[in-house]
1. Just checking, how many residues over region 175-198 are without any contact (Cβ under 8 Å) to a residue 60 or more places away in the chain and of a type in the set (S, T, N, Q)?
2. What about Gly286, is it of a type outside the set (A, V, I, L, M) and closer than 20 Å to Asp48 by Cβ?
3. Please indicate, with yes or no, whether at least one residue in region 314-335 is of a type in the set (A, V, I, L, M, F, W, C), in contact (Cβ under 8 Å) with a residue 60 or more places away in the chain and surrounded by fewer than 22 Cβ atoms within 10 Å (Cβ to Cβ).
4. Residues Leu26, Leu89, Leu10: which one is more than 30 Å from Trp313 (Cβ to Cβ) and at pLDDT 95 or above?
5. Can you give me the ranges of the helices (runs of 4 or more DSSP H) entirely in region 79-173 with at least 3 residues that are without any contact (Cβ under 8 Å) to a residue 60 or more places away in the chain?
Amino acid sequence: MDDRWLKPPLFRRADGSAVHRQATWLELFFDLVFVVAVAGLAGLLRDDLSATGLGWFAFLLFPMWWLWMDFSYYADQFDSDDVVYRLALLAVMAGILSVSRVASEIVEGGAGWGAFVFAGMYGVLCGLYVRAYRANPELRPLTGRYAVAMAVAGGLYLASAVVPAPGRFGLWLAAVAVPMVNSPVAYYQVPGLPSQLSHMPERFGLFTIIALGESVVAVAQGIAETPSTPAVLAASGAGFALAAALWWTYFIRDDASALSAELEGGRSDLLRSHVYGYAHYGVYAGVVAAGVGVEEAILAVGGEHAFVPAARWTLAGGTAVALAAMAAIHWASPHGLPGRSLALRLAVAAVLAGLAVGNVGASVALAVSAGLMVALAAVETAALPHPSSLPNEAAAEDASRSGSARP
């Protein structure tokens with residue numbers, strides 16, 4: 001049969017000749033539906049700008065982000081592009097869109113059918129790992145664990161459909177926790193796995209761009225909804241500068257070989273690889289929240305409404321969370337993060353956290369948040385070499401010379 005119709009999902013080995021692979025067109029299309037999901041959750045936060053609204057935003061983003069993680073990592077592990085895989089992923093994309101449009105109903109305790117959708121999507125992923133189990137005999141100890149974890153996650157989502165809120169949401173957290181814990185445990189328990197050619201750093205970067213898009217949209221909406229006064233234009237410029245500085249800080253230590261290198265190492269390297277991956281939730285949640293805060297600040301400067309405390313929390317607090325998560329990600333990467341840079345990032349995050357709980361107006365909160373991040377980006381650009389300029393074999397030596405805080 002033609003490989004386009006039915007092709008075994010083979011493990012993506014690092015054969016020594018290929019040093020990098022890129023996201024496929026299907027992976028990029030898959031990421032596109034999360035633009036809608038992220039925008040929907042940002043809108044939910046915008047409609048309920050309060051401590052409760054922030055809590056719901058963080059909670060609902062968690063299973064959405066982890067679903068993206070699970071499917072993205074499967075695609076990272078296995079070479080799948082036949083019709084069966086394409087149809088499976090397209091079905092999951094439809095499921096994501098259907099859940100995204102009823103986020104507000106989920107908050108109100110309704111839309112229990114969303115649990116069935118999540119269960120179905122994890123059922124699809126379980127089936128994909130069963131295919132990989134059959135096609136890669138040497139990896140069965142690993143793929144078997146993943147298939148079971150996805151089946152359990154799907155079962156928890158299914159059970160939650162008949163459990164009223166808030167118990168339903170406790171089962172959702174458990175459904176995320178099972179595959180989240182399974183990944184490091186499975187890799188620790190299965191020795192001698194072949195080298196993997198990972199492109200997850202690129203996928204993480206693409207999702208970061210999706211999150212940053214909310215900040216860019218926020219600036220555009222803020223300008224469109226307010227008079228173009230000098231104060232509004234200055235606030236809009238500060239909002240865009242904040243988004244640009246967050247982008248700069250995230251990508252200043254971009255390393256395409258991050259997970260490939262760490263998956264070949266020992267247990268401490270595997271631990272760092274999971275810190276690297278899991279800390280991205282903080283980046284995405286913080287950046288999207290900060291984008292909502294930027295829009296609220298611009299509207300407040302334009303006199304559309306008051307700058308409520310929750311808006312300051314999302315602006316300065318979201319930026320602080322994103323920066324702290326970036327510090328963890330770059331610390332966990334193969335070349336680490338110099339100790340001075342780690343301390344500086346955490347200090348700036350602490351100042352931003354203080355700003356979030358302080359009693360300052362929209363202009364001050366936006367100007368200080370943007371100013372701190374721009375200054376940090378400038379300092380790090382002058383002080384930090386890009387990982388591409390550091391040979392892999394010199395990673396430990398570089399970390400030692402720079403005072404890296406990594407163990």
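The values are calculated or read from the model by the stated rules, or taken from the named source; none is laboratory data. Being a predicted model, the structure only gives us computed values, none of them experimental. As a convention, Cβ positions derive from the backbone with ideal geometry for all residues, glycine included, and neighbour counts pool all protein chains shown.
1. 2
2. Answer is yes for this residue.
3. Scanning region 314-335, I find no residue that is of a type in the set (A, V, I, L, M, F, W, C), in contact (Cβ under 8 Å) with a residue 60 or more places away in the chain and surrounded by fewer than 22 Cβ atoms within 10 Å (Cβ to Cβ), so the answer is no.
4. The conditions single out Leu89.
5. Passing ranges, in order: 83-100, 113-135, 140-160.
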